[in-house]
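The structure appears below as structure tokens.
The numbers here are math on the coordinates, done by the rules we state, and not lab data. Owing to the predicted nature of the structure, the values given are computational and were not obtained by experimental measurement. Reconstructed Cβ throughout: ideal geometry from the backbone, glycine too, with neighbour counts over all protein chains shown.
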Amino acid sequence: MTDLQLTRARAEQGDAEAQYNLGIMYDNGQGVPWDDAEAVTWYRLAAEQGHVEAQYDLGWLYTKGRGVRQDAVTAAKWWLLAAEQGHAEAQYNLGGMYDNGWGVPQDKAEAVKWYRLAAEQGHAKAQNILGAMYRYGRGAPPAERRS
């Protein structure tokens, strides 16, 4: 059996890591024809089992409309699940969604929450945006605002 056959067999048996790996293969056309819809199928199966990277990647495909209809609400759903598991890039992206009101209600305090969580993990872009938000009083709690 080839690596692809083994991965597919494990994925079809419900192995989340194999499902995620098969999703990557279709997402990048590695050893299989490039197929975003097929990538979505395998990412979703893994994501529904709590696979954090699959949740993140599925959210990304929904933001871009690759293999699915572009849907910011669904992207936010998947990124929230990944963010709650501590995925820094998902936290940063979710912060941006709340900051701009894309797929979720605009909420600067919620944006700060997610940016802060990503920033605390060393995410440089989150640190930069969080600093700017505090500097200009966007979303920072009143007690934290500078006079």
Choice from Val52, Val40, Val32 with maximal GNM fluctuation in the chain (Cα, 10 Å cutoff): Val32
Spatial separation of Cα centroids for the range 1-69 and the range 72-105, in angstrom: 20 Å
Mean separation of Cα contacts under 8 Å (6+ apart) over length of the chain, as relative contact order %: 12 percent
On Cα atoms only, tilt of 3-12 relative to the major axis of the chain in degrees: 70 degrees
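Set the Förster radius R0 to 22 Å, insert the Cβ-Cβ distance between Gln85 and Arg10 as r into 1/(1 + (r/R0)^6), and round the FRET efficiency to 0.05.
0.50
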Folded to 0 to 90 degrees: helix 72-84 orientation relative to the chain principal axis, Cα: 90 degrees
At most 13 other Cβ within 10 Å, DSSP loop - trypsin sites (Lys or Arg not before Pro), the range 1-104: Arg69
Helix-only CD estimate at 222 nm, as mean residue ellipticity for the chain, using -39500 (n - 2.57) per DSSP H run (n ≥ 4): -21000 deg cm²/dmol
Highest-MSF residue in the chain out of Gly59, Gly122, Gly67 [GNM, Cα springs under 10 Å]: Gly122
The range 31-147, dipole about Cα centre (Lys/Arg Cβ +1, Asp/Glu Cβ -1), debye to the nearest 20: 640 debye
Cα gyration tensor shape for the range 86-147, rounded if a/c is under 1.5, else prolate or oblate: oblate
Exposed-site-free run, longest, the chain (rule: chymotrypsin sites (Phe, Trp or Tyr not before Pro); DSSP loop; at most 12 other C-beta within 10 Å): 35-135
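To the nearest µm²/s, what D does Stokes-Einstein give for the range 1-70 at 20 °C and 1.002 mPa s, using the Kirkwood radius over alpha carbon pairs as Rh?
Result for D is 185 µm²/s.
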